[in-house]
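So the structure is just underneath, and the comments pick up after that.
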Amino acid sequence: MFAPKKTTRLILLLLLIAAGYLAYVLLGSNTRFTDTKKAVYIPTGSNLPAVVDLLTQNNIISNPGIFKMMAKITGYNNKVKPGKYVFENGSSLTTIFRTLQSGRQTAVNLVITKLRTNDDLALKIASNFECDTAEVLSFFNNNDSLKRYGLDTNTAMTMIVPNTYAILWTTPLPKIIRRLQEEQQKFWTPQREQKAAALHLSYQQVYTLASIVEEETNIPADKGKIASVYINRMAIGMPLGADPTIKFALKNFSLKRIYQKHLGVASPYNTYLNRGLPPGPICTPSVKTIDAVLDAPTTNYLYFVAKPNLDGYSNFAATYTEHLKYARAYQQALDTLMAKKAEGRE
């Protein structure tokens, strides 16, 4: 038999070992993934077993039994908080548990650059948030849903100012829309509204014109001048004749050139057949392009065509005769380039 003192010492030693092990489990690294960080998405309505499965499968916890025990002691098993949670490699079980228990979500960065259709926008939102894809698609393609926001299926994209938006993964669709609209309202300052009014355009019309300019050129120096061409055409009742609107009408964004056979497409977005702006934007223009339209110079230009050196810049003309001269030079340069490519010299 052990002496009383030896028994006490043994018990103390065992307690110290147990305490040390527990401290190691609770405070030491508990992750098993190799990346610097890892995200896990806990859907609304998840229970404790589902959470433990997610964390285990993603190698975020290596002691699921102790995690369950902590959950039951603290009541987390009855108060699972959904969301996107990001954990650093080397995080302790205590840190992981406290993050989940407190509901300290990591926001999703919704990055919006160029989108072309309502479906593009809907799928962008659905792929980044918990919202159901069918719900989001239905919203953006339904005038009744959009009406409460002062939009319709043609103008829905005008609420988007391309940017990066930090929004929680669990945010419901109506709140996401409100957030986007709040940013839109901040963007349309009194100064920008005054500039739009000076052009005799609403902000939605400016946005729509900017979307055409966005598709016409990547050259910042030409954006304002191209906008002036379309503004001048509208002023005299001349059709815009914008090739990018034909691509949108056909929903064929891979077209490199627009031919005569494309110009008869029956669509309100066909700016060869219909005068004035189309009923809505054909993409989400950048802030720089919107401002280029608002700051468009006063010109007498009615035409533009790419320069024959094919550097991306355009030649601008006030008369059709002058435009034809520029157009022939561009066509000859293009024909020469195509011939070289056919011969394998380019």
- prompt: Within the stretch 187-229, whose backbone N sits under 11 Å from a point 7 Å along Cα→Cβ of Ala235?
  reply: 199-200, 228-229
task: Measure nothing fancy, just the Cα-based angle from helix 64-74's long axis to the longest principal axis of the chain, in degrees from 0 to 90, nearest 10.
output: 90 degrees
task: Please sort 219-225, 287-293, 336-342 by packing, taking for each peptide the average over its residues of neighbouring beta carbons within 10 angstrom, highest first.
output: 287-293, 219-225, 336-342
- line: Between Ala333 and Lys307, the two model label points (7 Å from Cα along the beta-carbon direction) sit apart by a distance in nm of 0.7 nm
Magnitude of the charge dipole, the chain, Cβ model with Lys/Arg +1 and Asp/Glu -1, debye to 20: 1200 debye
- prompt: Suppose R0 equals 56 Å; then what is the FRET efficiency for Glu88 and Leu324 from their Cβ-Cβ distance, rounded to the nearest 0.05?
  reply: 0.30
message: Let me check I have the definition right: for the stretch 121-184, take the eigenvalues of the Cα gyration tensor, multiply each by 5, take square roots. What are those semi-axes in whole Å, largest first?
response: 17, 14, 10
message: Can you give me the % of accessible surface on the chain that is carbon or sulfur? Probe 1.4 Å, all protein chains present, nothing else counted.
response: 53 percent
query: Going through the stretch 213-281, which chymotrypsin sites (Phe, Trp or Tyr not before Pro) have at most 10 other Cβ atoms within 10 Å and a DSSP loop state?
result: Tyr259
message: Per residue of the stretch 85-92, what does 6.51 cos²θ - 1.76 cosθ + 1.60 with θ = phi - 60° give for ³J(HN,Hα)? Whole Hz please, x for Gly and Pro, Karplus curve as stated.
response: 10, 10, 10, 7, 4, x, 5, 7
- request: Give me the distance in nm between label points sitting 7 Å out from Cα along the Cα-to-Cβ direction at Leu250 and Arg148, one decimal.
  value: 4.0 nm
message: Please compute the per residue accessible area over the chain with all protein chains in place, 1.4 Å probe, rounded to a whole number of Å².
response: 54 Å²
Share of alpha-carbon pairs per 10 Å distance bin for the stretch 182-241, given as whole %: 20, 51, 26, 3
- request: Name the shape class, rounded, prolate or oblate, that the alpha-carbon gyration tensor gives for the chain, where a ≥ b ≥ c are the square roots of its eigenvalues, rounded holds for a/c under 1.5, and otherwise prolate holds if a/b is larger than b/c and oblate otherwise.
  value: prolate
field: Efficiency of FRET from Cβ geometry, Asn300 and Thr164, R₀ 45 Å, rounded to 0.05
entry: 0.70
- prompt: How long is the stretch 174-306 along each principal axis, judged by its Cα atoms, biggest number first, in Å?
  reply: 43, 38, 26
- prompt: Of Ser211, Ala329, Ile231, which is farthest on the positive side of the dipole of the chain, counting Cα position, with +1 on Lys and Arg Cβ, -1 on Asp and Glu Cβ, and the Cα centre as origin?
  reply: Ser211
Separation in nanometres of the label points that stand 7 Å from Cα toward Cβ, at Leu48 and Gln181: 4.2 nm
task: Could you give me the percent of Cα pairs per 5 Å distance bin for the stretch 33-163, shortest bin first, beginning at zero and ending with the bin that holds the maximum distance?
output: 2, 9, 17, 18, 13, 10, 10, 10, 8, 4, 1
task: Over 27 Å between C-alpha atoms is what I'm after, so list which of Lys223/Lys341; Lys79/Lys147; Lys81/Lys124; Lys124/Lys288; Lys37/Lys68; Lys124/Lys261 land there.
output: Lys223/Lys341; Lys79/Lys147; Lys124/Lys261
Among Leu180, Ala196, Thr158 - extreme Cα towards positive end, dipole of the chain, charges at beta-carbon: Leu180
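The values are calculated or read from the model by the stated rules, or taken from the named source; none is laboratory data. Fair warning: this is a prediction, and the values are worked out from it, not measured in the lab. Don't worry about glycine lacking a Cβ; one is built from the backbone with ideal geometry, like all the others, and counts go over all protein chains shown. Quick note on the areas: whole protein, heavy atoms, side chains included, nothing else; ligands and nucleic acids left out. Shrake-Rupley method; radii C 1.70, N 1.55, O 1.52, S 1.80 Å.
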